[in-house]
Amino acid sequence: MIGNLFVQKKSIIHDLDFWTKFVCFLLFLPLSAFLASPKVLLVLLGFLVLLLFLSYIGLIKFWQSAKLYLIPLSIGIIVLSLLFSSGNFETRFLEGLILVIRFTVLISFGILFAMTTNPIEIPGGFLRAHLPHKFGITLMVGYRMMPLISNKITTVINAQKARGANTGFSLKNPGQFFYFASSLIVPIIHSTLETSVRLSDTLISRGYDPEGKITVPETKFSLFDYLIFSFALAITLLGFLIH
Amino acid sequence: MKKGWTTTKLITIGAIAVLRFLIGVVFYTTVLASTGNIFSGLTYGVIGPFFIVFVSLLINQFGAAAIYLLLVNIFTMTLPTILPLFTNLFLIPVKGFSVDGVNLLLAKKHRALSGFVCGFVHNLLDYLMMVIIFFTVGLPSAKNIPSFLISFKWITLLGILLSVLGGISGYLAQVVYNKLSRTSIVKRIQK
């Protein structure tokens, strides 16, 4: 999933420091969710488009990743707004539409962050912030474990299917599905624990010590880091002032 | 059992965080994406406490649940989901240390209750944070909530229901842990 989202490119946005991207993302999250007024929301949308162009990802590629989340969510929000909001049809539809824009901006920033941030930058960023490296290493190994555990889950599901388990969900007999789900829990957790022990054995055999010293990569902020962070801060302040 | 953090314990926490993340992804892309937020409370109210209680019981060390929560939230950060960071940033230490504290308090004398109470506390804190955010800054979809639900009676009732759901989920985690606790792999992790 993560490997699919990240797009390897050479661009200003890709080259930004992890902390610049992370703090900007943190600033925009509450802003687009509920703090920004509709006018500031348009400014945010403009900033998002600018970042998208600077990242050289391309609108089509971005839309291919975003549509999976945006289309069902937009339909759901509009329907909920029409059902539960007060006022006439136009007011309810408009309220729903503003909410859709909020969520679109919010999710789009999330997708842009995921597309321009290599997962390996995250533990590196934590190491540079002088957080204990044992957590950074855990995170790094966690990313490595994702495909392994995903494969284990598939293997367990296939094994249960081969034994004749019914995997389908039926409204007539929902209990059957939950019975199938419960039959997966113990083997999946057990194989996850096995994977983790094997990986930790590998780490130990290579001499890793959670309390030992480790070389921390250097932090270098470029001019673009300061520039983009200043823009993000200015938009956040604008959002607070107009709110 | 060793007192400090061993590599095996840390990697195990990471592995369970990955498992929780993968299950969350499946729910997000299938159930939640097709039904909006209707089932989000239910699914997150069951999956969340299950794994956090399991980690707390398995590692049985203060801070395990907090590290687990931090990892899950960092993994979720690389996905375009809405929930992870903003509210959880404040909740990670509060929820994690509360679950660990409750587990360690009950582990010796009231072992059978531990799973239920930890799950209950986890969901109660989650719910309280949502209520506080709702009344202080307002949630994006607050306008869509039927007005009769925004009363003390309903808020309390929903809080109790969600907390009991968390308790049941925590109890299930304890049942699973008890099943696995005598296996060599768990003994190896706890060594």
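None of the figures in this text is laboratory data; all of them are computed from the coordinates on show. All of these numbers come straight from a predicted model, not from anything done at the bench. Every residue, glycine as well, gets a Cβ built from its backbone with ideal geometry; the counts of neighbours run over all protein chains shown.
Can you give the mean number of other chain Cβ atoms that lie within 10 Å of the Cβ atoms in peptide A:28-34? Don't skip to the end; give the middle numbers.
Numbers: counts 0, 6, 5, 0, 2, 8, 8.
What the average comes to for A:28-34 is 4.
Pairs to check: B:9/B:108; A:152/B:109; B:9/B:95. Give those whose C-alpha atoms are more than 28 Å from each other in this structure. Spell out each step's value before the answer.
Values: B:9/B:108 21 Å; A:152/B:109 36 Å; B:9/B:95 20 Å.
Violating the 28 Å limit, Cα to Cα: A:152/B:109.
Okay, helix-only estimate at 222 nm for chain A: each DSSP H run of n ≥ 4 adds -39500 (n - 2.57), divide by all residues, round to 500 deg cm²/dmol; what do you get?
Here the helix-only value at 222 nm equals -25500 deg cm²/dmol.
If only Cα atoms are counted, what is the Rg of the protein assembly as shown, and what is its Dmax, in Å?
Spelled out, the Cα radius of gyration and Dmax of the protein assembly as shown are 22.2, 68 Å.
Determine which lysines satisfy two conditions relative to residue A:10: a Cα distance under 21 Å, and not lying fewer than 8 residues away in the same chain.
Leaving aside lysines fewer than 8 places away in the same chain, those within reach of residue A:10 are A:21, A:61, A:220.
Within 10 Å of each Cβ in peptide B:171-184, how many partner chain Cβ atoms are there on average? Round it to a whole number, please.
Average neighbour count from other chains, rounded to a whole number: 2.
With each pseudo-label sitting 7 Å past Cα toward Cβ, what's the residue A:68-residue A:53 distance in nm, one decimal?
It is 2.9 nm.
Over all pairs of distinct alpha carbons, what does the Kirkwood formula give as the hydrodynamic radius of chain A, in Å?
The Cα-based Kirkwood calculation yields 21.6 Å.
Which helices of chain A meet both criteria: a Cα extent of 20 Å or more along the helical axis and a mean Kyte-Doolittle score no lower than 1.6, with helices taken as whole DSSP H segments? Don't skip to the answer; put the middle values down first.
Details: long enough: A:38-54 (24 Å, 2.74); A:59-84 (35 Å, 1.65); A:89-116 (40 Å, 1.55); A:133-162 (43 Å, 0.32); A:174-205 (47 Å, 0.68); A:223-242 (29 Å, 2.22).
Those that pass (Cα extent of 20 Å or more, hydropathy at least 1.6) are A:38-54, A:59-84, A:223-242.
Can you give the average number of partner chain beta-carbon atoms within 10 Å of each beta-carbon in peptide A:212-220, as a whole number?
Partner-chain Cβ atoms within 10 Å, mean over residues of A:212-220: 0.
Name the long-range amide H neighbours of residue A:166: under 5 Å, sequence gap of 5 or more, or other chain; modelled H, no Pro or chain starts.
Counting only residues 5 or more places away or on other chains, the set is empty.
Show the residues, 5+ positions off or on another chain, whose built amide H is closer than 5 Å to the amide H of residue A:11.
Here nothing satisfies the definition.
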